[in-house]
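**Student:** Here you go, one structure.
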Ligand SMILES: [Zn+2]
Ligand SMILES: [Zn+2]
């Protein structure tokens, strides 16, 4: 079996922001899709803008996003199976043998668009790395951390 790299990109909301969730405090925040998935400046670790803790960026995906990624992987596997079995059925039937293979392709799961809904949050930009973050900012919250470099904004 050769290794397969499935690539996907997450679409943002109307302003190009994608929703992430902190694995520590479960708060949701949004980062700019282009900055988060920038191939020239790959992002490995993120800081939570609320509690300031840091972890691998994969730990920040929301359940919804993970489910969609799993659906993509499953669909890919189904496609491969369909192709392999389709060919096999063809070969067997073309030999005109007594064995007839009937093949019904499996149906791929429906993938919802990786699109984020719009919510009311405020956009902050980091003076240090110039990246952007969208957070639920309410009065009383005095600190917002940059998800990329962890400084107060
Ligand atoms: Zn947090
Ligand atoms: Zn920053």
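**Student:** Going by C-beta contacts inside 10 Å, put 10, 66 in order with the fewest on the left.
**Tutor:** Working: 10 17, 66 12.
Going from sparsest to densest Cβ surroundings: 66, 10.
**Student:** Between residue 125 and residue 59, how many nm apart are label points set 7 Å from Cα along the C-beta direction?
**Tutor:** 3.0 nm
**Student:** Extension gain residue 27-residue 90, at 0.36 nm per residue separation less the Cα-Cα distance, in nm? Display every interim value, and only then the final one.
**Tutor:** Details: separation 63, 0.36 × 63 = 22.68 nm, distance 5.24 nm.
Answer, rounded to one decimal: 17.4 nm.
**Student:** What's the FRET efficiency of residue 107 with residue 149 using the Cβ-Cβ distance as r and R₀ = 41 Å, to the nearest 0.05?
**Tutor:** Details: r = 45 Å, r/R0 = 1.10.
Efficiency computed from Cβ-Cβ geometry: 0.35.
Quick note: the coordinates plus some simple rules give every number you see, no bench work behind them. Keep in mind that this is a model prediction, so the values were computed, not measured. All Cβ positions, even for glycine, are placed from backbone atoms using ideal geometry, and neighbour counts span all protein chains on display.
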